[in-house]
Each structure stands twice: as C-alpha cells, then as structure tokens.
Amino acid sequence: MDIPIKKKQFSKSRLLLIGGVIAILALIVFVIISTSGGSKLNVEKERISINTITNDVFQENIPVNGIVLPITTIYLDALEGGRVEEKFVEDGAILKKGEPILRLSNTDLELSLVNQETSVYNLLTQMQISQNAARQNTINRQNQFTDVENSLIEAKRVYDLNKRLYEKGAIGRQDFESSKNNYDYQKERMNLAEQVLSEDSISSKLEVRQARDSYARTQSALELMRKKVGDLVVRAPIDGQLTSLDAEIGQSITKGTRLGQVDVTSGYKVRVDIDEHYISRIYNGQTGTFKLNNKTYTLVIKKVFTQVTNGRFQVDMKFEGDVPEGIRRGQNLQIRVALSAEKQALLVPKGGFFQKTGGNWIFKVSEDGSNAYKVNIRLGSQNTEYYEVIEGLNAGDKVITSSYDSYGDTEELILK
C-alpha cells in the first residue's frame, strides 16, 4: 500500500524570496523615515524657553568686575631709617598737606648734620682769612704800582727837560743819555707792574670764585643733610585720608619701608580686570556702564595696563557725569564694557542652546507652535544678553533657547 508524501508548504527558494521582499520593504521604510524629518521627541512647553527674534539696537560688550579706588593714592615710604618716637595721627585721619604723621629718631644722621655744620663754619672761616690775605696782597701790589708810576712820571719829566737843554747845548750828552736810560727803565718797570697787577687781579678773582664755589657746594651738602634730618618727620604729601598706617612707637624702621598711604578723597576711579583675550580690543576712551540703586552710570577707560598676570590685565576707568552717592573705597561693581558702536541687528537671547550647537543651528518653532525643527544659522558678535544673528533667521521667528542636552540627535520636537 502506497503512503502519500505531503508536499512542503515553503521551499528554500520561496523562503529566500520572502526574506528579500521583507528586506526591501524595511529599506523603503527607512528611507521614508529619513526623508520625512528623522526622529521626533515630545517636549512639554512649560519646560523649555521660547524667545522671539527681534531687530533692535545692538552693541557688543563684555561683563567685567571692578573695584572702587581713590582717584589718587600717594604711598608713604620712610625716606630715612630710624626709631619711631612719636605718632601724631592715627589710621583713617583726614590730613592737610605738610601735616606731620610721625617722627623718627636717628642719632647717626643727627651727628652727621652737626659735623657738616662744623665743616661749613670752618670752611667759611678759612675763606674769610684767604680773602683778607688776598685783599692785603692786592693793596701792596697797588702801592708798588703807584711808586713805579710816580718814578716813571719823574723820569719822563727829567728826560723831556734834558732833551730841550741838550738841543740848546746847555748840557752835555752824558747827562742827556743818563736821563733817557732812566726814562726807558721806568717804562719797562711800568709795563711789568701793570702785568703783575693784572695777573694778580685775575688770580684773586679766580681764588674768590673757587672759594665761593667750594662754600656753595658745602652749603648745599649742609642743606641736603638738614633735609635728611627733616625727613625723619614723616608728613602728608597731599590733602587726603591716611590709610594703612603701619608703624608703632619704638619700632625700628629701615630706609624705604612702606609706612602707609594717603588717598585723595575728592574723587574715585575703578580698577577693572579683563581677560587677556580682549587686550587687542581695549583702548583709552572706551566706555562701560553699571547699575546701582536702579540708576545707570557711565565709566570711561583712562589707562590700560598691558602687563598680563594669570591671564588677565587691568584698566583704570573714571566716572563720566554723575558719581553714585555713598560709593566707598573697595566697593565691587559689575560693569559692561562696550567693544563696538551701537548698530541695528537681528538678536537672539542668550541661552543654554549655544553649549550644544556652538551657534551653528537652532530649533525654530513652527508658525502654529505645534513643533520645532532644526535650522542652520550663523551668529556674529555677542554681549551679555544677546547674540547677533547673521543669517538663518528673520525678525519675528520663534526659537527654543533653553538647553538641548537631553534631546540627543532628535531632528524635530513635538511641543505639548
């Protein structure tokens, strides 16, 4: 008896055909999904920040911290070393220029002053003696000159007389020649006397000038020594407030020691720290603003310190216009320093989206507000509140500016 053999429902070739069809269908589905917008994610509106792109005035600026300082500070350094003998005022006192602050003692310096004064007095005495001697010597030479002058006059009188008598034959040749020789001799004596007197005058003047110069130098040294002793009394260099006085009675102070400082309280400046990244964009005349007690104040950069320390450099800013009432030394201010002029621009508020996108794209909300999708953008400058939009968005567009960290590679957000 024959046994019927059942035919297999799925042959091997048929299975391969079915598998191929399934693979093709899967590929078609994948392509459809890819071209229809990619993956989607449901997001609750209450958990995101949606802002509108605006066209408004924009100015690039950076936030910095500043500390209020006196407009001028003069440091007090010990010009001479010594022991603190007396304090006339205490830290915080309001001073007038020249008012004494403290007094030092220095016996070596005071002894040097006494010795210098003695040297000056001795030099003055010696100079007076030398001047008297020179004066007496000049008088003697003048007396000698007078005698020579008188002898010349007499010799000329005798010569002139004998010459007339000789011409008339009243006297002999011997007498005439004798008077002529005497006259010539007295003329030579006169020339020599005049030369000696002239050289004596020059020499006397030179000695007097040298003596006076030496006395003047010694006197200057004495005045300098007196000033050094006077510097043992430390005085206020300007009108202002004494701060940071560091000296106690009995303390030994070496020359050059910083004793404190005097602050001019008639005005203030603000010392600002700025990141070195902006050093090429900071210059004198730039402005900054800050708010205090609901009022905006303006500062102007007056000095840029180009030395960089720990990645930062400093600038000094002064108030332009009103100065806040009650502002104090050491007060901290939050300042916005302008890096550009004002201009019209498309603006997007700052938010956490930038950390994920780097400013290359953003989620733009659809007109009906039901979803948001990626759009490519390009951002420009920034300030403390906004980024400048160069391209990719228009005024009135709504975008999501909160953080994108939880969205992964989602291409579209469904807003609930």
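The values are calculated or read from the model by the stated rules, or taken from the named source; none is laboratory data. Since we're looking at a predicted model, the values are computed, not measured. For neighbour counting, all protein chains shown are included, and Cβ atoms are generated from backbone atoms with ideal geometry for every residue, glycine included. Each accessible area value is taken on the protein alone, full model and side chains, heavy atoms only, with ligands, DNA and RNA left out. Shrake-Rupley method; radii C 1.70, N 1.55, O 1.52, S 1.80 Å.
Net length available on complete extension from E385 to R217 is 53.6 nm, with 0.36 nm assigned per residue and the Cα-Cα distance removed. The distance linking segment 132-182 with segment 192-251 is 53 Å (Cα centroid to Cα centroid, whole angstrom).
Hey, got the dipole for the chain? About the Cα centre, +1 on K and R Cβ, -1 on D and E Cβ, debye to the nearest 20?
1460
Summed over all non-identical Cα pairs, the Kirkwood treatment of segment 154-205 gives a radius of 12.4 Å.
What does the extension gain come out to for Q144 and K318, with contour length at 0.36 nm per residue minus their alpha carbon separation? Provide the component values of the computation, followed by the final result.
Details: separation 174, 0.36 × 174 = 62.64 nm, distance 7.98 nm.
Value of the extension gain: 54.7 nm.
Among I171, Q251, Q355, which residue has its Cα furthest toward the positive end of the charge dipole of the chain, with +1 on Lys/Arg Cβ and -1 on Asp/Glu Cβ? Result: Q355. Between K187 and A341, the contour length at 0.36 nm per residue exceeds the Cα-Cα span by 45.9 nm. In this rough spin-label picture, where each label sits 7 Å from Cα along the Cβ direction, the E85-E110 distance is 0.4 nm.
The dipole here belongs to segment 43-171: it is taken about the Cα centre, uses +1 on the Cβ of Lys and Arg and -1 on the Cβ of Asp and Glu, and is about 1340 debye. Phi angles of segment 163-174 translate, via the Karplus equation with coefficients 6.51, -1.76, 1.60 and θ = phi - 60°, into HN-Hα couplings of 5, 5, 5, 5, 5, 8, x, 7, 10, x, 5, 4 Hz per residue; Gly and Pro are given as x. Entry comment: accessible area of the chain is 64 Å² per residue, from protein heavy atoms only and a probe of 1.4 Å.
Under 20 Å from the 7 Å Cα→Cβ point of Q128, by amide nitrogen: which residues of segment 207-229? In segment 207-229, the label zone of Q128 (backbone N under 20 Å from the point 7 Å along Cα→Cβ) covers 207-220, 222-223.
Look at the alpha carbon pairs under 8 Å that are at least 6 residues apart: their mean separation over the length of segment 261-368 gives a relative contact order of 26 percent.
Each 10 Å bin from 0 upward holds the following percent of the Cα-Cα pairs of the chain: 4, 11, 11, 11, 9, 8, 8, 7, 7, 6, 5, 4, 3, 2, 2, 1, 1, 0, 0, 0, 0, 0. Taking Cα atoms only, the orientation of helix 12-35 departs from the longest principal axis of the chain by about 40 degrees.
Its convex hull of Cα atoms gives segment 306-416 a direction-averaged projected area, equal to a quarter of the hull surface, of 11.7 nm².
What does the helix-only formula give at 222 nm for the chain: each DSSP H stretch with n ≥ 4 adding -39500 (n - 2.57), the total divided by the residues, and the result rounded to the nearest 500 deg cm²/dmol?
Details: 4 runs with 149 residues, N = 416.
Computed ellipticity for the chain at 222 nm equals -13000 deg cm²/dmol.
Packing order of peptides 90-100, 343-353, highest average first: 343-353, 90-100 (average count of other Cβ atoms within 10 Å over each peptide's residues).
Look at the dipole of the chain built from charges on Cβ: of I301, L124, I62, the Cα furthest out on the positive end belongs to I62. Taking a straight line from the alpha carbon of K343, these aspartates and glutamates sit under 18 Å away, with near neighbours fewer than eight places off in the same chain left out: D56, E60, E385, E388, E391. About the centre of its Cα atoms, segment 225-282 shows a dipole size close to 440 debye [charges on the beta carbon of Lys, Arg (+1) and Asp, Glu (-1) only; nearest 20 debye]. Between S204, N143, Y283, the Cα set farthest toward the positive side of the dipole of the chain (charges on each charged residue's Cβ, about the Cα centre) is that of Y283.
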